[in-house]
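J.: My questions all concern the structure below.
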Amino acid sequence: MTAAIYHPSLYDRQRFHPSYWASNVAAPDYGSLSGDRQVEVAIIGGGYTGLSTALHLARDHGIQALVLEAGAIGWGASGRNAGFNTLPASKLSAKAVFQRWPEAEARAFFAAQREGQALIYQLAAEENFDLQACGNGIFQVAHSPGAHAELAEEGQQLARAGIPNRLLSASEFASVGHGGPDQFGALHMLEGGGINPLQLTYGLAAAASRHGAQLYAHSPMQQWRKQAGWHELITPNGTVRARQVVLASNGYRDSEEPLALRNRVLPAISNILVTRPLSAAQWQAIGLHSLAPMSDTRMLVSYYRRLNDGRLLFGARSDTWGDPRQDGKMRAALEQLIRQKFPACGVLDSEFFWRGLVAVTRKMVPTWGRAPDDTSVLFNLGCFGSGVNTAAWLGRAMARSLAGQALSANENSAVFRQLPARLPASPWLQRKGLQLAYLHYALQDRLQ
Ligand SMILES: Cc1cc2nc3c(=O)[nH]c(=O)nc-3n(C[C@H](O)[C@H](O)[C@H](O)COP(=O)(O)OP(=O)(O)OC[C@H]3O[C@@H](n4cnc5c(N)ncnc54)[C@H](O)[C@@H]3O)c2cc1C
């Protein structure tokens with residue numbers, strides 16, 4: 001097992017996150033593994049990636065799949081994110097993606113991202129679960145005049161990639177999005193919107209289970225052996241033998257194996273605050289009209305959405321340690337960011353606060369495939385803050401690959417292929433690197 005890089009409380013699988021989502025969705029009970037099992041495919045991680053892989057294997061290919069989740073199903077990022085069904089899953093601009101990869105590969109990547117955005121609605125319809133979808137598209141909100149000029153360029157590049165969008169001036173955005181001193185216009189991406197992320201997780205889990213996949217919660221894989229062509233995943237009360245393994249542990253990976261994938265992902269902490277329902281007068285004062293999710297153009301991005309029941313959800317990056325004794329300070333930092341964006345908000349009563357890990361890589365776009373040192377292991381790495389559209393789609397692609405089906409051009413895009421460069425092995429150095437990146441980003445934000 002590898003050393004965790006943050007405060008132990010961030011890895012406490014006994015405790016489900018105290019999120020707003022968890023407060024209003026009943027948790028299904030998937031028991032823990034007891035005894036030994038043998039299956040074709042074992043999956044480590046019960047989030048969107050693992051559950052979607054299991055669902056597609058069982059439903060579309062008739063392949064036995066078994067999911068091991070160390071906490072409750074949805075314990076990781078999938079159950080606690082902000083529910084933005086957005087794209088692209090990258091810290092790169094669309095222009096940079098087109099510069100870095102050949103035109104056809106970049107286009108295939110963006111087409112994949114769009115497919116992923118649509119896939120979750122399709123799955124909810126097919127499997128009969130409610131995503132509580134809301135909002136009409138996604139807004140990227142310029143935090144300065146310079147950022148608005150860059151959004152104009154980004155919009156053109158996204159259009160080149162087949163992603164419908166329109167650029168709004170500050171006054172146009174004030175009438176459909178929000179006003180205030182921190183907006184200089186916005187890019188409206190016309191597809192996607194808000195969802196309830198835990199409903200997506202539980203919907204995928206229920207569907208996977210109904211189609212015959214085995215799901216085990218509170219069953220951490222603690223040891224991984226390989227013998228005579230079989231993987232053996234050892235949990236506290238049982239062992240799973242499988243021909244192939246899917247590593248779907250995202251920013252919560254704790255296994256050394258496969259060695260080729262070590263130190264490729266840097267988990268970064270993101271914090272979310274949800275207020276108590278605001279009064280009609282407060283919403284009027286804030287002037288936030290839309291239920292569409294929004295994020296600003298800062299490198300140290302703030303993301304926010306007005307929820308169906310009149311609350312405000314607001315998220316941003318965190319410190320680089322995650323000690324719960326700093327929760328008060330972190331909440332106050334988020335409240336300060338809200339006041340900066342919406343000075344007329346008055347006193348806000350925050351009811352929920354939680355943290356989670358976003359998977360970041362030096363490549364800046366997601367990677368998936370078979371591990372170079374063991375092709376019977378499939379993985380995905382680095383969905384950044386955009387796993388809602390990406391992870392379930394990658395699960396479907398992995399299921400197709402495991403079933404021996406030919407992959408589509410989008411699934412095969414070269415953008416997904418090359419492994420991200422390795423990070424320093426030391427957790428201390430990883431945290432230092434992140435701190436330096438944050439300082440650099442803060443400076444860039446101030447200059448723009
Ligand atoms: C605060 C926050 C806000 C976000 N907001 C958004 C958003 O609005 N929109 C968006 O698209 N994306 C967002 N993201 C990112 C998105 O949530 C993730 O990309 C996505 O959920 C990843 O899904 P996953 O299944 O790959 O991983 P996860 O959901 O993280 O699941 C990985 C699971 O693996 C399990 N695991 C790890 N090791 C083991 C082991 N040894 N044995 C058994 N189980 C193990 C973990 O317990 C964990 O539950 C956000 C993330 C965070 C943290």
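J.: Going through the stretch 235-267 one residue at a time, which ones are charged (D, E, K, R) and either within 22 Å of L57 (Cα to Cα) or without any contact (Cβ under 8 Å) to a residue 24 or more places away in the chain (or both)?
T.: Matches in the stretch 235-267: R241, R243.
J.: Now for a separate question. Can you tell me which of (1) more than 10 Å from the ligand (Cβ to nearest atom); (2) over 25 Å from Q405 (Cβ atoms); (3) at pLDDT 95 or above; (4) not acidic (D, E) is the one A3 doesn't meet?
T.: Answer for A3: the failing condition is (3).
J.: Next question. When only residues in the stretch 55-86 that are over 27 Å from V274 (Cα atoms) and of a type in the set (A, V, I, L, M, F, W, C) count, which is nearest to the ligand (Cβ to nearest atom)?
T.: So the residue we want is L68.
J.: S9: of a type in the set (S, T, Y), farther than 16 Å from A205 by Cβ and surrounded by 13 or more Cβ atoms within 10 Å (Cβ to Cβ), yes or no?
T.: Judged against the criteria, S9 is a match.
J.: In the stretch 57-88, how many are of a type in the set (D, E, K, R) and touching a strand residue (DSSP E or B) at 6+ places or on another chain (Cβ under 9 Å)?
T.: Within the stretch 57-88, residues that are of a type in the set (D, E, K, R) and touching a strand residue (DSSP E or B) at 6+ places or on another chain (Cβ under 9 Å) number 2.
J.: Can you confirm whether E153 is out of contact with any strand residue (DSSP E or B) (no Cβ under 9 Å at 6 or more places or on another chain), in contact (Cβ under 8 Å) with a residue 40 or more places away in the chain and under 20 Å from H188 (Cβ atoms)?
T.: Yes.
J.: Pairs under 6 Å by beta carbon, first residue on the phi > 0 side of the Ramachandran plot in the stretch 360-383, partner among the aliphatic types (A, V, I, L, M), six or more apart or different chains?
T.: Listed pairs, sorted by first residue: M364/L92; G382/V265; G382/A359.
J.: Continuing with this model, one more query. Here is a list of conditions, (1) more than 28 Å from L151 (Cβ to Cβ); (2) touching a helix residue (DSSP H, G or I) at 6+ places or on another chain (Cβ under 9 Å); (3) surrounded by 17 or more Cβ atoms within 10 Å (Cβ to Cβ), and S376 meets all of them except one; can you say which number that is?
T.: Going through the list (1) more than 28 Å from L151 (Cβ to Cβ); (2) touching a helix residue (DSSP H, G or I) at 6+ places or on another chain (Cβ under 9 Å); (3) surrounded by 17 or more Cβ atoms within 10 Å (Cβ to Cβ), S376 breaks only (2).
J.: Next question. Restricting attention to the stretch 34-54, and to residues there that are aliphatic (A, V, I, L, M) and within 12 Å of the ligand (Cβ to nearest atom), which single residue is farthest from P220 (Cα to Cα)?
T.: Among those residues, the one meeting the criterion is A54.
J.: Shifting gears a bit: Within the set of pairs 6+ apart or on separate chains, which have a first residue in the stretch 411-434 that is under 10 Å from W368 (Cα atoms), a second that is among the β-branched types (V, I, T) and at pLDDT 95 or above, and C-beta atoms under 8 Å apart?
T.: Every condition considered, the pairs that remain are V415/V97; V415/V365; F416/V365; F416/T367; R417/T367; Q418/T367; L419/T367.
J.: Still on this structure, please answer the following. Is there a residue in the stretch 391-403 that is basic (K, R), modelled with pLDDT of 95 or more and either under 16 Å from L247 (Cα atoms) or within 16 Å of the ligand (Cβ to nearest atom) (or both)?
T.: There is at least one residue in the stretch 391-403 that is basic (K, R), modelled with pLDDT of 95 or more and either under 16 Å from L247 (Cα atoms) or within 16 Å of the ligand (Cβ to nearest atom) (or both).
J.: In addition: Restricting to the stretch 370-390, and then to whatever is among the small types (G, A, S) and more than 18 Å from the chain's Cα centre (by Cα), can you tell me which residue is nearest to the ligand (Cβ to nearest atom)?
T.: Top of the filtered list is A371.
J.: What helices (runs of 4 or more DSSP H) completely inside the stretch 7-110 contain at least 3 residues that are closer than 29 Å to A414 by Cα and within 19 Å of the chain's Cα centre (by Cα)?
T.: Per the criteria, 48-61.
J.: Could you tell me which of the residues V415, V358 is crowded, with 17+ Cβ neighbours inside 10 Å and more than 16 Å from the ligand (Cβ to nearest atom)?
T.: Residue meeting the stated conditions: V415.
J.: Oh, and also: What are the residues in the stretch 23-33 that are aliphatic (A, V, I, L, M) and either more than 16 Å from the ligand (Cβ to nearest atom) or in contact with a Phe, Trp or Tyr (Cβ under 6 Å, 6 or more places away or on another chain) (or both), if any?
T.: Those that are aliphatic (A, V, I, L, M) and either more than 16 Å from the ligand (Cβ to nearest atom) or in contact with a Phe, Trp or Tyr (Cβ under 6 Å, 6 or more places away or on another chain) (or both): A26, L33.
J.: Tell me which of these G251 doesn't satisfy, since it passes every other one: (1) in contact with a Leu (Cβ under 8 Å, 6 or more places away or on another chain); (2) at pLDDT 95 or above; (3) closer than 25 Å to T390 by Cβ.
T.: (2)
The values are calculated or read from the model by the stated rules, or taken from the named source; none is laboratory data. Predicted model, so just to flag it, every value in this text is computed and none were measured. No Cβ is skipped: glycine too gets one built from the backbone with ideal geometry, and neighbour counts run over all protein chains shown.
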